[in-house]
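Each remark here refers to the structure printed beneath this line.
Each value in this text was obtained by applying a stated rule to the coordinates, not by laboratory testing. Predicted model only: the values in this text are computed from it and were never measured. For neighbour counting, all protein chains shown are included, and Cβ atoms are generated from backbone atoms with ideal geometry for every residue, glycine included.
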Amino acid sequence: MERKEQISLAFGIVLGLAVFVRIIATKSLDALSIIGITIALFPYFLIRYIELRELRVVEKEFPNFLRDIASSSKAGMTLPYAIKSATYLDYSYLSSDVKKIYSQISWGIPFEEAILQFSKRRPSKHIQRSSSIIIEANRSGGEITKTLDAVAKFSRMMQDMEEELKGSMKTYTIIIYFSHMIFLGILIMLIKSLLEGISGLTGIMHMSNLGSFKELLFHMALIQGGFTGLVAGKVGEGSIYDGLKHSIVLIFLSYLIFKIGVGI
């Protein structure tokens, strides 16, 4: 775990404990507590989300890197010079890793060891799978140029298949959004039709109890929105960290609908 992740996690734990103490002291989960919980979780999830986006760019550029050094090798360059030529190309976030691989090779570290260390720095199933194939092919004495070219094509094909699968799962993300909106509609109808109707009957429900019920259902909607967003990210894009943006949207929609519908 990197230092920035450790700091954000420590901040979240401290703030989360403070919110927990406040909930115990006040014996209620009010809007301020909900905001505190959100602030406690947000930095860590945001950092992981940014790292995940960076890793996906690296995954996308890795086949291009393999293809380029394979092409340079076919043109007559040795492997170290082929990697050196790749350091002058733009691979976005992967460029720093390419330069590090070349630096390690120039200092006498074997190519397979440099690739192995790269796969450990970038914990991606695509990169680790491709790196394992390259390392084993290099150890067995296979022609490295053909191996790199084949791995580049295989990695690109697997990424295209994964993108196609994610595209087909977008439908389920939309369904999750609709289901949450239906859930909110049911809560609003419950408050407007049933609870407010019952409170109009003398002796059945006091207005203060109605306010408590409204607050309870409001908190339920916010919590449901947060976790539903994480599920939407996992289903639609493969990671709960991708669900952070969905959680923010659904929590905001829940607040807005309750604010307009029942005046929370």
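Over what distance in Å are the Cα centres of the stretch 6-72 and the stretch 80-125 separated?
So the separation of the two Cα centres works out to 28 Å.
Where does the chain land at 222 nm, in deg cm²/dmol rounded to the nearest 500, when only DSSP H runs of n ≥ 4 count, each adding -39500 (n - 2.57), divided by all residues? The partial results should precede the final answer.
On the way: 10 runs with 214 residues, N = 264.
That comes out to -28000 deg cm²/dmol.
Between Met169 and Arg53, 0.36 nm times their residue separation minus their Cα-Cα distance comes to what?
39.9 nm
Excluding residues fewer than 8 places away in the same chain, name every one of the aspartates and glutamates whose C-alpha is closer than 19 Å to that of Lys120.
Here the aspartates and glutamates satisfying the reach criterion relative to Lys120 are Glu2, Glu5, Glu51, Glu54, Glu59, Glu61, Asp97, Glu112, Glu136.
Give the cross-link partners of Lys214 among the lysines, using a straight C-alpha distance below 16 Å as the criterion and excluding same-chain residues fewer than 8 apart.
Lys192, Lys259
Could you go through the stretch 36-50 in sequence order and give the Karplus-derived ³J(HN,Hα) for each residue, using 6.51 cos²θ - 1.76 cosθ + 1.60 with θ = phi - 60°, rounded to whole Hz, and x for Gly and Pro?
x, 4, 4, 5, 5, 7, 4, x, 5, 5, 5, 4, 5, 5, 5
Would you calculate the separation in nanometres between label points at Arg139 and Ser239, each defined as 7 Å from the Cα along the Cα-to-beta-carbon direction?
Label at Arg139, label at Ser239, 2.9 nm between them.
At Arg129 and Ser179, where each label point lies 7 Å from the Cα along Cα→Cβ, what is the point-to-point distance in nanometres?
It is 2.8 nm.
Tell me the angle of helix 207-237 to the major Cα principal axis of the chain, expressed in degrees between 0 and 90 and rounded to the nearest ten.
20 degrees
Given N residues in the stretch 1-71, what is its alpha carbon radius of gyration divided by 2.2 N^0.38 Å?
1.74
Once Lys and Arg get +1 and Asp and Glu get -1 on their Cβ, which of Ile23, Asn138, Tyr177 lies farthest toward the positive end of the dipole of the chain?
Of the candidates, Ile23 comes out farthest on the positive side.
Given 0.36 nm per residue, what is the gain on full extension from Arg3 to Leu116 after removing their alpha carbon distance, in nm?
Difference between extended and current length: 38.4 nm.
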